[in-house]
Amino acid sequence: MRTALVLVSLLVGSVFGAPALAAPSVFDKSGISDWKTQPTPGKEPTFKPPSAVRSKLKNGMQLLVVENHKLPIVSLALVVPGAGTAADPKGKGGLAAFTADLLDEGAGGLSPIAIAEETDRLGAGIAIAADADAAYMSISTLAKTLDSTLELATKLITQPAFEDKEAERVKGDRITSLELRRDRPREVAANLVNGAIYGPSSAYGHPGAGVLGEFKAVTTADARAFYKERWNPAVMTLVVVGDVDPKALRAKLDAGLGAWKPAGVKRPAKVAAAPAKIASRLLLVDRPAAAQSDVRFGLIGLDRKDPRFFAFEVYRTTLGDGFTSRLVQRLREQLGITYGANASMDWRIARGPFVIGTAIVTAATGQGISETLKMVEELTTTDVPAAELEKSKQNLIRALPARFETNAGTAGALAELALQGLPVDWYARYADGIRKVTAKELKTVAKSVVPAKSLVVAIVGDMSKIRADVDKLGLGDPAMFDLYGVALKK
């Protein structure tokens, strides 16, 4: 209510002649706004990421605490290295994600409904999931209910029930999702690229949710065994951000979690992420009557500790991060053949995938792919103009504070550092690392990491309408797949 009143007061004051904030760059001499002139950005603010207090629980679990007493709320992020989808046993893709999904489906004598009701009663939120390198639990709660929320969360991660009835229900939901993958063309294209660049022998080479044929064979016993082997407190890190006292919190956690020392757990294995031998760099999926073609270009990029990290981030931003990037300006603003395009780098412990993604109107599929490859190639041969380089840097630097706007964002950022084995103050050096990138360094990293001829291209679209144009691109003989990503015989 108070915020609304303040806004009304400002608006009324402006209308009736109260002094307005000066913005000379967008006003002419008469004081009338010149809508043709873009406001100049203000001076780059100085940002200092929050600092964390580090300690260790009795069972070896790392604890990072950031105090923030502005609001009576707390966010927590638990990261479990080695419990991600890269640890899926061969032939059982999707097991890590399935295991994480089951932890809140009954634990410590509580049913799934009882867990949900208790979470609501506490005004809390609890989510558990897995990505390639780790499993995660994220928690948000009120400071006054933190103790009870921690008690509930402790039951979930230390006493999961893995009851067959609930597991079969969750498994059925996940199977349905896999069956519906055919209706998610961007996911189909992304999975094809990922499988091609890593190959079947790599821990990163399969979809995290699994594939239909394999996942149907996964059992509750598999999940129970995976949990016992992979959910190891000795390698976990818990990040807590909010209205807490670090010393008091550690004492509570030691009393609840510190005694958890399961036997038989495995240390995280090192992931091999060498490029696979690629039989075909053009992967096609026929989707009759598709109004657009979902396209993914990909190759294996860098790992997070690579010294070229900052140069690559500036490269990625210049190519395809945001509306001012080259991909969006060319494909959307100039040609009008897509709603958007982006270049993403999945920073992992080992070398993660670099992927360019877009959806191109069917009639212009060939043109869109050709233009994308041209832009990728251009960045390997030509220096980025100074103004464009500075714009990319500023986009990255000015976006950094947003990562720490909330307790949850701060917890997530620090959990990521813990997983990657980076120092807790790493973000304090981020802006300087970005500022120092030169046009020469950008071109060098583009040439060494993302040569256009090495990109694997996956297209999901109406082949009866696009195949002729695709064949003219010179990408070689294609490999054909169905809408589930299963290879078709020639």
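Computed quantities for the displayed model
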| read-out | value |
| --- | --- |
| Taking His206, His69 and counting other C-beta atoms within 10 Å, the order from fewest to most | His69, His206 |
| Taking all pairs of distinct alpha-carbon atoms in the stretch 157-218, Kirkwood radius in angstrom | 13.3 |
| The stretch 53-256: relative contact order as a whole-number percent, Cα under 8 Å and 6+ apart | 40 |
| Those trypsin sites (Lys or Arg not before Pro) in the stretch 399-481 that DSSP places in a loop and that have at most 16 other beta carbons within 10 Å | Lys436, Lys472 |
| FRET E, pair Ala225, Trp35, Förster distance 60 Å, beta-carbon r, rounded to 0.05 | 0.40 |
| Projected label distance in nm at Ala269 and Tyr484, using a 7 Å step from Cα toward the beta-carbon | 2.6 |
| The chain: Rg to Rh, with Rh as the Kirkwood radius over Cα pairs | 1.00 |
| Contour minus Cα-Cα distance for Phe323 and Lys144 (0.36 nm per residue) | 60.2 nm |
| Qualifying trypsin sites (Lys or Arg not before Pro) in the stretch 126-223, DSSP loop, other Cβ atoms within 10 Å at most 16 | Lys216 |
| Helix-only [θ]222 nm of the chain, DSSP H runs n ≥ 4, -39500 (n - 2.57) each, per residue, nearest 500 | -11500 deg cm²/dmol |
| Computed over the stretch 401-441, Cα set: Rg, Dmax in Å | 12.3, 38 |
| Space enclosed by the convex hull of the alpha-carbon atoms of the stretch 123-240, per residue, Å³ | 153 |
| Normalised contact order of the chain, rounded percent, pairs of Cα under 8 Å and 6 or more residues apart | 20 |
| Those trypsin sites (Lys or Arg not before Pro) in the stretch 267-342 that DSSP places in a loop and that have at most 14 other beta carbons within 10 Å | Lys270, Lys277, Lys305 |
| Spin-label zone in the stretch 277-310 - amide nitrogen under 17 Å from a point set 7 Å from the Cα of Thr438 along the C-beta vector | 308-310 |
| Whole-Å distance, taken between Cα centres, linking the stretch 235-302 and the stretch 153-215 | 13 |
| Excluding exposed DSSP-loop chymotrypsin sites (Phe, Trp or Tyr not before Pro) (at most 11 other C-beta within 10 Å), longest clean stretch of the chain | 36-322 |
| Ratio Rg/Rh, restricted to the stretch 364-411 and using Cα atoms, in which Rh is the Kirkwood radius | 1.23 |
| Rg ratio (alpha-carbon, reference 2.2 N^0.38 Å) - the stretch 53-256 | 1.09 |
| Proximal lysines to Lys228, defined as alpha-carbon separation beneath 26 angstrom and excluding residues fewer than eight positions away on the same chain | Lys56, Lys58, Lys90, Lys92, Lys155, Lys165, Lys171, Lys216, Lys252, Lys261, Lys266, Lys270 |
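The numbers here are math on the coordinates, done by the rules we state, and not lab data. As the structure is a computational prediction, the values presented were derived from the model and not from experiment. Every residue, glycine among them, receives a Cβ derived from its backbone with ideal geometry; neighbour counts consider all protein chains shown.
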